[in-house]
1. So how many residues does the range 93-120 have that are of a type outside the set (Asp, Glu), modelled with pLDDT of 70 or more and either not in a loop (DSSP other than H, G, I, E, B) or not assigned by TED's automatic domain parsing to the domain that holds Leu81 (or both)?
2. Give me the helices (runs of 4 or more DSSP H) completely within the range 233-277, filtered to those with at least 2 residues that are out of contact with any Leu (no Cβ under 7 Å at 6 or more places or on another chain) and surrounded by 15 or more Cβ atoms within 10 Å (Cβ to Cβ), ordered by residue number.
3. Restricted to the range 177-194, and to residues that are closer than 21 Å to Ala213 by Cα, surrounded by fewer than 20 Cβ atoms within 10 Å (Cβ to Cβ) and in contact with a Leu (Cβ under 9 Å, 6 or more places away or on another chain), which residue is modelled with the highest pLDDT?
4. Given the condition buried (at least 16 other Cβ atoms within 10 Å of the Cβ) and touching a Gly at 6+ places or on another chain (Cβ under 7 Å), answer yes or no: does some residue in the range 195-212 qualify?
5. Criterion first (out of contact with any strand residue (DSSP E or B) (no Cβ under 9 Å at 6 or more places or on another chain), without any contact (Cβ under 8 Å) to a residue 40 or more places away in the chain, hydroxyl-bearing (Ser, Thr, Tyr) and on the phi < 0 side of the Ramachandran plot) does Thr229 satisfy it?
6. So, in the range 30-43, how many residues would count as being loosely packed, with under 15 Cβ neighbours inside 10 Å and more than 15 Å from the chain's Cα centre (by Cα)?
7. When the range 49-64 is examined, which residues are found to be touching a helix residue (DSSP H, G or I) at 6+ places or on another chain (Cβ under 8 Å) and surrounded by fewer than 18 Cβ atoms within 10 Å (Cβ to Cβ)?
8. Looking only at the range 115-151, filter to residues that are in contact (Cβ under 8 Å) with a residue 60 or more places away in the chain and in contact with a Leu (Cβ under 8 Å, 6 or more places away or on another chain); which one of those is surrounded by the fewest Cβ atoms within 10 Å (Cβ to Cβ)?
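The values are calculated or read from the model by the stated rules, or taken from the named source; none is laboratory data. Remember, predicted model here, so these are calculated numbers, not experimental data. Methodologically, a virtual Cβ is constructed for each residue, glycine included, from the backbone with ideal geometry; neighbour enumeration extends over all protein chains shown.
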Amino acid sequence: MMNYAYDTSLQETMILTEAFHTDRVICDNGSLYKFIWVQEGKLTLIVDHVEIEMEQDEIISVSNLHRTEFKNVSGRYLALLFNENFYGIYKHEKEVSCSGVLFNGTSGIVHLRLPIADSELLHEVVDRMVTEYILRDNLQGEMLRLLLKRFIILCTRLARKQLSGFPVNEKGFDIIQRYYVLVDNHFKEKKQVQAYAALLHRSPKTLSNLFAAYGMPSPLKIIQERVVTEAKRLLLHTSHSIKEISVILGFESVGTFSRFFKNMTGENTSAYRKRLQ
């Protein structure tokens, strides 16, 4: 069974494992970005309380913000895990262009089907990773970073092809990608499309038309989904009071936050916490 880990005194971590679901320490590590790739059989995951069914040669990318649980493993999978210290997604954005596509804080998980050619390319990258893990020389970290970068780029290209509504228009795609990144960074203090439009030097109407052309949720919906996703995480995985959560998320009052949550989910905050905790 494949199980390799690279760790340094600088708290840089990259893990390649077929036994992610059996390692409680790794499962509970909230700093890891994740690729989970089914290689044989089927896999059922629960990501932030949403069930995801996966089959052979399907791969998902999950950010460090998402809580991932394994419900059923009926086959073999590979998990590629890394933290921000090992490879900074935002730091290397110009190189790999994956933030806002493969990794963002919303509840939408990128779920890709690998064509044979892409599967073979990713297998080649993984084989080289295994070789580097075995060598253990002073260049190991840099070589693993280069191979991780290659893996991310291949998945990003595939995501651009497969995600519904993504045409070949690189300029339009890049604006959408930057919008997601900005929302991830500023959703607590900026909850109106106008604020992000100004940062992108576009009008709100232009953004709305662009997202509609790509068949994507509206710019406002993306902000709202990011806020409610964070609210759910805070309700389920912290002991913060409803009032404290409303302050953390930048709402003017508990009432405003409670109404927002009810409108988005159909239930109040207390009922949601009680039902799922």
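1. 8
2. The qualifying helices (runs of 4 or more DSSP H) are 242-248, 254-265.
3. Gln192
4. The answer is yes; a qualifying residue exists.
5. Taking the combined requirement at face value, the residue does not satisfy it.
6. Adding up the residues that qualify gives 2.
7. Those that are touching a helix residue (DSSP H, G or I) at 6+ places or on another chain (Cβ under 8 Å) and surrounded by fewer than 18 Cβ atoms within 10 Å (Cβ to Cβ): His49, Asp57.
8. Val130
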